[in-house]
1. Could you name the aspartates and glutamates whose alpha carbon sits less than 17 Å from that of residue 135, not counting residues in the same chain fewer than 8 places away?
2. Can you tell me the 0 to 90 degree angle between the C-alpha axis of helix 176-203 and the longest principal axis of the chain, rounded to 10?
3. How much accessible area per residue does the chain have, in Å², with a 1.4 Å probe?
4. Could you give the length gained on full extension between residue 184 and residue 105, defined as 0.36 nm per residue of separation minus the Cα-Cα distance, in nm?
5. Can you list the lysines whose alpha carbon is less than 22 Å from that of residue 10, not counting same-chain residues fewer than 8 positions off?
6. Given +1 on the Cβ of Lys and Arg, -1 on the Cβ of Asp and Glu, and no further charges, what dipole in debye does segment 4-203 carry about its Cα centre, rounded to the nearest 20?
7. Give me the one-decimal nm value for the distance between modelled label points at residue 177 and residue 54, 7 Å along each residue's Cα-to-Cβ direction.
8. Taking the mean number of other Cβ atoms within 10 Å as a proxy for protection, how do you rank 36-42, 97-103 from highest to lowest?
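The values are calculated or read from the model by the stated rules, or taken from the named source; none is laboratory data. This one's a predicted model, so the numbers in the text were calculated from it and none came from an experiment. All Cβ positions, even for glycine, are placed from backbone atoms using ideal geometry, and neighbour counts span all protein chains on display. Remember, those area values only see protein heavy atoms, side chains included, never the ligands or the DNA or RNA. Shrake-Rupley method; radii C 1.70, N 1.55, O 1.52, S 1.80 Å.
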Amino acid sequence: MSGFATRLRKATMVEHREAETRSFISRLMAGSVPRAGFGALTAQYLIVYRELEAAAETMRGNAIAAPFADPALSRVPALEADLAYLGGPPEPTAAAQRYADHLRAFCHTSPEHFIAHHYVRYLGDLSGGLLVGRKVAATYGLHDGGVSFYDFDHITDPKAYKIAYRERLDALPLDEERLSVLVAEAQHAFALNGAVFTELGAAYPEAISPAA
Ligand code: HEM
């Protein structure tokens, strides 16, 4: 394996490790985020995915980006249902607002920016995201709602989907300059996510009783 998909994975390995081990998400995995904090995370995702999926709508008309902008991935309806279940309107953190503004500014016109952001969120959702979903359902006892974001009911085989996705990355008809923009933008996407996690971590400190 030496194609662009591998290059992108390697170039974001450090950022991924940080997201996995040092953030709000790792506390979520340890069951030490109060339930309201999980609701707030869902609300931030709704703000972000509305922009990402509005850009996907635009990018369905772009020859380079269209193969990525698959409606089967759409998360907004699931997030709306989850948030209705968990309660509370989306109170945007400053970080989620910045992330959403950035998506709106770059991802409707630049396929390399769009693909970078698309990759960081959806390939993550189809990987560790599935583990996060199982964990939070158990932590908060969410058996009949609140976690449909983590469940891609239009994608029956996430592993096969990711293999096909990586083939699409390998086949991107972009020159080196634009590929390196895509790599840098994926690193930036991790930073934008990290800022949301940092802000939520400060707003929802460690819970002694996880489901409180
Ligand atoms: C506890 C948190 C997390 C765990 C346990 C986790 C775990 C994983 C695992 C096991 C993979 C490899 C899947 C494979 O090779 O098929 C993966 C891939 C990935 N994750 Fe995560 N992850 C976490 C958090 C995140 C976060 C917060 C993001 C982004 C904001 C993210 C983005 C990605 C991406 C983009 C990939 C695809 C890498 C590639 O194949 O190019 N992950 N994750």
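1. By straight Cα distance, residue 135 reaches 20, 82, 125, 144, 151, 206.
2. Orientation of helix 176-203: about 10 degrees from the principal axis.
3. I get 46 Å² per residue for this part.
4. Stretched out fully, the residue 184 to residue 105 stretch lengthens by 26.8 nm.
5. List returned: 159, 162.
6. Using only the charged Cβ atoms, the result is roughly 500 debye.
7. Taking the simple label geometry, residue 177 and residue 54 are separated by 3.0 nm.
8. The most tightly packed comes first, giving 36-42, 97-103.
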